[in-house]
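Below: one structure, written as structure tokens.
The values are calculated or read from the model by the stated rules, or taken from the named source; none is laboratory data. Remember, it's a predicted structure, so these values are computed and weren't measured experimentally. Just the protein is used for accessible areas: all its heavy atoms, side chains included, with ligands, DNA and RNA removed. Shrake-Rupley method; radii C 1.70, N 1.55, O 1.52, S 1.80 Å.
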Amino acid sequence: AITVETPLRIEVVFDILMPEAHFYLGFHFLSINRDCIFVTASVPRKIQHGMYMSTCFVPGDILNNGIYTMDFYFVRDGNIVLYQMSDAIEFEVHDAGRIPGGWLGCFPGAVRPKLRWDIESYKAVQ
């Protein structure tokens, strides 16, 4: 099961049939209602004819629990969409174990980043 703490690794294998061009791959992460959660894309790169694998790494502690879908884009020369697949992947993110004494309800929002927080004793200078 995928939890809010699970890192994701998305691999796409593709074959370039053109002799050479600038390409990039992109994903739109969407809620089940098709609200855009975030967009990510590879860096545009000049590549030659051949087979390639591109990997996108999404760290854990980004998505909230819920059902998500992804749209996939394969783009040439910055703005020519060569291939688009809506709802390429659908997956569900489950809640993870909770810290005792912490919030037990549902967290609002599509993203749920685990950010660094510090707390220390503070004595004001007078």
GNM, the chain, Cα, under 10 Å: largest mean-square fluctuation among CYS36, CYS106, CYS56?
-> CYS106
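Taking only protein heavy atoms and a 1.4 Å probe, what accessible area per residue, in Å², does the range 10-126 have with all protein chains in place?
72
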Hey, any idea what % of the chain's accessible area is carbon plus sulfur with a 1.4 Å probe?
-> 58
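Give me the percent of Cα-Cα pairs in the chain that sit more than 25 Å apart, rounded to a whole number. Numbers along the way, then the final one.
Numbers: 3242 of 7875 pairs.
Result for the distance tail: 41 percent.
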Accessible-area ranking of ASP118, ASP95, largest first, probe 1.4 Å = ASP118, ASP95
Expected max-MSF residue from HIS28, HIS94, HIS49 in the GNM of the chain (alpha carbon, under 10 Å) is HIS49
Where ARG45, ARG34, ARG76 fall by accessible area, highest first, once all protein chains stay in place (1.4 Å) | ARG45, ARG34, ARG76
Please list the non-local residues whose amide H lies under 5 Å from the amide H of LEU82, H modeled 1.01 Å from N, same-chain partners needing a gap of 5 or more.
-> PHE74, VAL75, ARG76
Karplus ³J(HN,Hα) for the range 84-91 (6.51 cos²θ - 1.76 cosθ + 1.60, θ = phi - 60°; Hz, whole; x = Gly/Pro) runs 9, 10, 7, 6, 4, 9, 10, 8
Provide the per-residue ³J(HN,Hα) series for the range 115-120, in order, calculated from phi with Karplus coefficients 6.51, -1.76, 1.60 and θ = phi - 60°, each as a whole number of Hz, with x at glycine and proline positions.
-> 9, 6, 10, 10, 9, 8
Under the Karplus curve 6.51 cos²θ - 1.76 cosθ + 1.60, θ = phi - 60°, whole-Hz ³J(HN,Hα) for the range 42-51, x wherever Gly or Pro sits = 6, 6, x, 9, 7, 10, 9, 3, x, 9
